[in-house]
Amino acid sequence: MEDDVAPESVAEDGATVVITHRVRPDSLAKYEAWLGDILPLAKAAPGHLDVHVVRPIAGRTSTFTVIIRFDSCENLNGWMHSATRAKMISRMEPFFVHGDDYHISSGLEFWFRPPGGGASGPVRWKQLLVTWSALFPLGYGVSLLVKPLLQRTALGNSQALTTLIVSGIVLVLMVYVVMPRYTRLVRRWLFS
């Protein structure tokens with residue numbers, strides 16, 4: 001599964017991949033041994049932060065869920081598309097029921113995590129309204145503050161420079177200050 005994340009969408013917590021492997025029931029012990037080989041390789045990859053393995057319930061499921069966090073999308077994508085990982089996956093793939101299934105999460109998705117960590121977020125139109133309702137006043141306010149300051153400089157008449165600076169400030173405030181708090185504030189409506 002190809003699921004790259006652009007580096008500019010990094011959330012303050014880095015990037016996370018959730019890997020789901022449904023293993024043939026007669027191959028569970030092989031998978032456990034394989035985990036013992038691949039996890040140290042993942043931990044040694046640049047930017048690795050942590051890993052959690054959710055094992056199947058004996059006699060009920062044969063699905064392993066592996067959650068790996070990296071400090072950046074670049075490092076996570078580097079591991080996910082590395083020759084080392086590809087070789088390890090090809091070694092185990094004959095024992096998977098559905099192959100190597102994974103999902104990479106980062107950036108905007110983290111603003112809309114459902115309570116309790118469920119798989120689906122709020123409907124898209126609610127995400128759009130929340131983002132827009134935060135972005136417009138923030139963009140307008142930052143623009144009102146930055147434009148007069150820039151006009152005092154020799155570069156103040158450059159619309160491109162003004163837009164670059166305003167959008168950069170707005171982006172930093174949205175990712176690190178506004179959206180994490182705002183989505184908690186409107187969580188009840190988002191998930192209703």
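Tell me, what ³J(HN,Hα) does each residue in region 80-85 have, in order and in whole Hz, if you take phi through Karplus 6.51 cos²θ - 1.76 cosθ + 1.60 with θ = phi - 60° and put x for Gly and Pro?
Once rounded to whole Hz, the list reads 4, 10, 6, 5, 4, 5.
Compute the signed sum of charges (Lys and Arg +1, Asp and Glu -1) over the other residues within less than 11 Å, Cβ to Cβ, of Thr61. Intermediate values should be presented prior to the final figure.
On the way: positive: Arg22, Arg55, Arg60; negative: none.
Net charge in that neighbourhood comes out at +3.
Using DSSP to define loop residues, name the trypsin sites (Lys or Arg not before Pro) in region 16-90 whose beta-carbon has at most 12 other beta-carbon atoms within 10 Å. Write down the numbers at each step before the final one.
Values: sites: Arg22, Lys30, Lys43, Arg60, Arg69, Arg85, Lys87; in loops: Arg60.
Those satisfying the criteria are Arg60.
Every number in this text was worked out from the coordinates using simple rules, so none of it is lab data. Source: prediction; values computed, not measured. As a convention, Cβ positions derive from the backbone with ideal geometry for all residues, glycine included, and neighbour counts pool all protein chains shown.
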